[in-house]
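Notes to accompany the following structure.
The values are calculated or read from the model by the stated rules, or taken from the named source; none is laboratory data. Values in this document were obtained by computation on a predicted structure and should not be read as measured data. Positions of Cβ are generated from backbone atoms using ideal geometry, with glycine treated the same way; all protein chains shown enter the neighbour counts. Please note that ligands, DNA and RNA were not included when accessible areas were found on the heavy atoms of the full protein model with its side chains. Shrake-Rupley method; radii C 1.70, N 1.55, O 1.52, S 1.80 Å.
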Amino acid sequence: MNIPKTYVIYLINCNISNKKYIGSTSNLQSRIAVHLSTFKHQRDMCSSSVVLEGGNYNCIILEGNLDKSQAKER
């Protein structure tokens, strides 16, 4: 059985500074874990790091059930 991979568009919002990061992924749980690990170990100062630095953030799914090309387009 060939089940197509679906993607989501997500937003990470810093509740302190109101800075936002928008991304897309096929595995949100894994992607958030990568953001957190990268920030914690200061391996890369990607734009999501300014959203995570206060430790007070939330994650919202903006759109779901997209294919890869739809996710990239948005």
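Describe numerically, in nm with one decimal, the distance between label points set 7 Å from Cα along Cα→Cβ at C59 and at Q29. Modelled inter-label distance: 1.0 nm. Inter-label distance, T38 to D67: 2.7 nm, where each label sits 7 Å from its Cα along the C-beta direction. Roughly speaking, to the nearest percent, how much of the chain's 1.4 Å accessible area is carbon and sulfur? C and S atoms contribute 49 percent here. Accessible surface area normalised per residue over the chain is 71 Å², counting heavy atoms of protein chains with a 1.4 Å rolling probe. Read through the labelled values [x] 21, 16, 10; [y] 24, 14, 10; [z] 29, 14, 10 and report the label of the one computed as semi-axes √(5λ) of the Cα gyration tensor in Å from the structure. Of the listed options [x] 21, 16, 10; [y] 24, 14, 10; [z] 29, 14, 10, [y] comes from this structure. The gain in end-to-end length when the L11 to S49 segment is fully stretched comes to 12.4 nm, 0.36 nm per residue minus the alpha carbon separation. Tell me the angle of helix 28-40 to the major Cα principal axis of the chain, expressed in degrees between 0 and 90 and rounded to the nearest ten. It is inclined by approximately 30 degrees.
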